[in-house]
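Accompanying notes for the structure given below.
Here, each number is a calculation from the coordinates, and none is a lab measurement. Predicted, not measured: the structure shown is a model, and the values here were computed from it. Cβ placement follows ideal geometry from the backbone for every residue including glycine, while neighbour counts extend to all protein chains displayed.
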Amino acid sequence: MTEPPELPPLPPSQDVPCDPVPPGLQESAHLMARIREQVGKVFLGQEQVLEQILGAFLAGGHVLLEGNPGLGKTHLVLSLARTFGGEFRRIQFTPDLMPSDVTGHTLYDMAAQQFRVRRGPVFCNLLLADEINRAPAKTQAALLEVMQERQITIDGETFALEPPFMTLATQNPIEQEGTYPLPEAQLDRFLMKILIGYPRPEIEEAIVTRVTGSGGESVDPLQEIEKVCSPEEINQARANLALVKIVPEVVAYAVAIVRATREANGISLGAGPRGAISLVSIAKANALLAGRGYVIPDDIKMATRPVLRHRLALAPEVAISGQTLDESIDAVVETIPAPRS
């Protein structure tokens, strides 16, 4: 792969005075900007969703995607994989899917007179688990164990997954018959829950025109995606995330928000310590994506909805009233004063 052209340094942020951005962080920020540009060629009109996906990818976490069919979730994951030459796999979860269909299994090779391991589709860099709530609990648990441990055990033999590894699991919010909802303890394994809505009318028109072509011929927008880096460079960008500074006051702000969810009126289940860890991790990713080497309170605020919405449960009387989890999260955040320095 040819070396990317040298880019000018990112402009310094005007939010608060801070030390210059370390060179390693600048390189990582430029790398993520190039990835954002490439994926944006395919995934149109969903800038906030794309930014959240890139943040989770940078932080090394997994994402639960919820949205109606046909909104480009598969194209999003496939285009992201192509930007760094990663291996992409897709699993359609169904009620008859077995754990071995995900992780792999052993089989007896008659010619060699020995057992061989056949690796499952989870051996990849980016895994799209489509409609994860349609598989039974045992199969869901097999995938969630892989997500947590980053390794797979098949008949007593352990295989480590090559980094980077990320799972994006989808749920269909409109069909609940024949599904097996993930329990709260398993939902907590996902770093973020991201909601994908319908695009704006002008964006939808652009998508239709682009895919069908002016003369009616079918066009594959994925062919426009260029490889901009290697998996090793992604791993280095993830390692560089540790260089993003965060002062104790901002950490305390994230912890205070999470603790407040446990005592807020109308919330029957609050977030645990993993919620605070996830808030800080995504806030660091937000800072790096913005070209900063430090976290500000707004980075925490931006992360609260996608990080906390699947970790909380509304009280029945509040859910009946029509109040959403996002509205409850916003109300909690408003009660916590943000640090000013």
Kirkwood Rh over alpha-carbon pairs of segment 56-188, then Stokes-Einstein at 4 °C and 1.567 mPa s: what D in µm² s⁻¹, rounded to an integer? 83 µm²/s
Length gained if Ala111 through Glu204 is fully extended, taking 0.36 nm per residue and subtracting the Cα-Cα distance, is 28.0 nm
Under 15 Å between C-alpha atoms is the cut-off here; go through the chain and count lysine pairs that meet it, provided they're at least eight residues apart or on different chains. 5
Please report, for the Cα atoms of the chain, the Rg to one decimal and the Dmax as a whole number; what are they, in angstrom? 21.2, 70
What is the packing order of peptides 182-195, 120-133, taking the mean over residues of other C-beta atoms within 10 Å and listing the highest first? 120-133, 182-195
Where both residues lie in the chain, what percent of DSSP beta bridges are antiparallel, nearest 5? 40 percent
In nm, to one decimal, how far is the modelled label at Leu195 from the one at Gln48, with both set 7 Å along Cα→Cβ? 0.9 nm
Axial C-alpha extent at least 27 Å, average Kyte-Doolittle at least 1.6 - helices from the chain (DSSP): none
Kirkwood Rh and Cα Rg combined as Rg over Rh, evaluated for segment 114-194: 0.99
